[in-house]
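Before I ask anything, here is the structure I am working with.
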Amino acid sequence: MSSGSLGIRAYSDDDFEGYIKLHVESEQLDPSGRYVSAQKLSDDLCRPNFRPQTDLWVADLNGILVGCLGVTLEPGIGRALLDGCVHPLRRRKGIATALFAGALPRIKAAGIKSAHISVRETNAAAKNLLNRLEFTFIRYFFEMQLAINRVRMPAILEDTTTSRRLERDEANLLTEIQNRCFADTWGFNPNTEEEIAYRLNMHDRSPQDVILTYLGDHPIGYCWTIINAEENAGREKQKGLIHMLGVDPDYRQQEIGKAILHNGLEDLKAKGIDTVELTVDSENPAACSLYESVGFEIYAKTEWYEKAVI
């Protein structure tokens, strides 16, 4: 890329094609394993409580986008989530630092106390940048994978629990269950019904992807799975994700998690999935143990960093 005048500015609707090109080229030149598509990027930009025109900054070099930084404000827990990239051919030129400086006033104006960002453990360049920006490492998340045909399916409480799929008009029910299940977990920001409804009805998704587990007539947990047909179209082996798995705090340590996981895995297997992936907090031993018990193995680690902003 040629040298020239670099500007940091807010995203505009006219930037969408350049925004796609930035992500596609970055993934091609420096693969992270993250699936990139126009549809996925569009879904992300249109999510509730995020306005690209105020929450997304771009680095513009003579009309070409060479970097971006999005800020998701979570005032309920006092943090801002950061996510962005710089084109591999324009790195180590201060662009990421300039993007963070551009976003900082927005974060402070919202009364946010800290900024969080995650990077792959193997991304030395990103980790060095975060150290220079005085971010502090706080914890690992594990990326885990399972070949579903080798699953060691857990014993479940068949005579005790029942299950059913979420219906289209039940975003409020899932919102209530999810916020209850994750209220005591690190980094969880309570979701609104609008946010849940949006995620349930994004491209290639459906409320039917969520399986609720009941004890009597009381919902005590759920497993939310995702299959990206667009991504799988180019794969020999089909991949599915366990997006969320929650157990009501009042019913933990009763092997309910095994029943919930069993429901999700059986559903993915019935849909022809070969490989299942998920992300779990390394400091949640109960969840890690549950996934390991059926054969999930760690294939990558994500590092989370924090910086006080007020």
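Considering amide H positions built from the backbone, and no H for Pro or chain starts, which residues 5 or more places from residue 244, or on another chain, come under 5 Å of its amide H?
Those lying under 5 Å, H to H, from residue 244 are 224.
With only Lys, Arg, Asp and Glu charged, each at its Cβ (+1 for the first two, -1 for the last two), find how big the charge dipole of the range 144-303 is about the Cα centre; round to the nearest 20 debye.
520
Now, a different point. At a 10 Å Cβ-Cβ cut-off, how would you order 226, 211, 220, fewest neighbours first?
Details: 226 17, 211 21, 220 24.
Result, fewest neighbours first: 226, 211, 220.
Rank 171, 246, 145 by how far each Cα sits towards the positive end of the charge dipole of the range 144-303 (+1 on Lys, Arg Cβ; -1 on Asp, Glu Cβ) and give me just the farthest.
The residue sitting farthest along the positive end of the dipole is 145.
Return the long-range amide H neighbours of residue 220 (sequence gap of 5 or more, or a different chain), with a cut-off of under 5 Å between placed amide H atoms.
So residue 220 has HN proximity to 213, 214, 215.
Ok, one more. Find me the longest stretch of the chain that has none of the exposed GluC sites (Glu not before Pro), where exposed means in a DSSP loop (not H, G, I, E or B) with at most 10 other Cβ atoms within 10 Å. Spell out each step's value before the answer.
Working: sites that count: 134, 158, 236.
In the chain, the maximal stretch lacking such sites is 1-133.
Which entries in 40/108; 21/271; 237/271; 237/269; 40/113; 127/307 show an alpha-carbon gap greater than 23 Å?
40/108; 21/271; 40/113
Ok, one more. Run lengths n ≥ 4 of DSSP H only: what is the helix-derived mean residue ellipticity at 222 nm for the chain, with -39500 (n - 2.57) per run over all residues, to the nearest 500?
Numbers: 10 runs with 98 residues, N = 310.
Rounded to the nearest 500, the figure is -9000 deg cm²/dmol.
If contacts are Cα pairs under 8 angstrom and at least 6 residues apart, what is the relative contact order of the range 44-184 in percent?
Dividing the mean separation by the residue count of the range 44-184 yields 16 percent.
Residue by residue through the range 33-40, which ³J(HN,Hα) values in whole Hz follow from phi under the Karplus form 6.51 cos²θ - 1.76 cosθ + 1.60 (θ = phi - 60°), with glycine and proline marked x?
x, 7, 6, 10, 8, 4, 5, 5
If you don't mind, there's one more thing I want to ask. Please find the FRET efficiency linking residue 108 to residue 62, where r is the Cβ-Cβ separation and R0 is fixed at 30 Å, and quote it to the nearest 0.05. Let's see the in-between values first.
Details: r = 30 Å, r/R0 = 1.01.
Computed FRET efficiency for residue 108 and residue 62: 0.50.
Pop out the ³J(HN,Hα) list for the range 71-86 in order, Karplus 6.51 cos²θ - 1.76 cosθ + 1.60 with θ = phi - 60°, rounded to Hz; leave Gly and Pro as x.
Those phi angles translate into 10, 9, 7, 10, x, x, 10, x, 9, 10, 8, 9, 8, x, 7, 10 Hz.
Can you give the longest run of the chain that contains no trypsin sites (Lys or Arg not before Pro) sitting in a DSSP loop with at most 13 other Cβ atoms inside 10 Å?
Counting at most 13 other Cβ atoms within 10 Å as exposed, the longest clean stretch of the chain is 169-234.
So what is the relative contact order for the range 144-303, in percent, with contacts set as C-alpha pairs under 8 Å and at least six apart?
Value for the range 144-303: 34 percent.
Another question, if that's okay. If you plug each phi of the range 119-136 into the Karplus form 6.51 cos²θ - 1.76 cosθ + 1.60 with θ = phi - 60°, what whole-Hz ³J(HN,Hα) values come out, in order, with x for Gly and Pro?
9, 5, 4, 7, 8, 5, 5, 5, 5, 5, 4, 5, 5, 5, 7, 6, 7, 10
For the range 6-112, what are Rg and Dmax over the alpha carbons, in angstrom?
13.4, 39
Here's a follow-up. So, in nm, how far is label residue 149 from label residue 308 when the simple model puts each one 7 Å beyond its Cα toward the Cβ?
5.4
Are there any chymotrypsin sites (Phe, Trp or Tyr not before Pro) in the range 169-239 that are in a DSSP loop and have at most 14 other Cβ atoms within 10 Å? List them by number.
Within the range 169-239, the qualifying chymotrypsin sites (Phe, Trp or Tyr not before Pro) (loop, at most 14 other Cβ atoms within 10 Å) are 186.
Could you give the nm distance between label points at residue 208 and residue 16, where each point is 7 Å from its Cα heading toward the beta carbon?
Using points 7 Å along Cα→Cβ, the separation is 2.8 nm.
Size of the dipole of the chain about the Cα centre, Lys and Arg at +1 and Asp and Glu at -1 on the beta carbon, nothing else charged, in debye to 20?
The dipole of the chain has a size of about 1160 debye.
Quote the relative contact order of the range 6-112 in percent (integer), defining contacts as alpha-carbon pairs under 8 Å separated by 6+ residues.
Taking the mean separation of contacting Cα pairs over the length of the range 6-112, I get 30 percent.
Each reported figure results from applying straightforward, stated rules to the coordinates on display, with no laboratory input. This one's a predicted model, so the numbers in the text were calculated from it and none came from an experiment. Neighbour counts run over all protein chains shown; Cβ positions are idealised from the backbone, glycine included.
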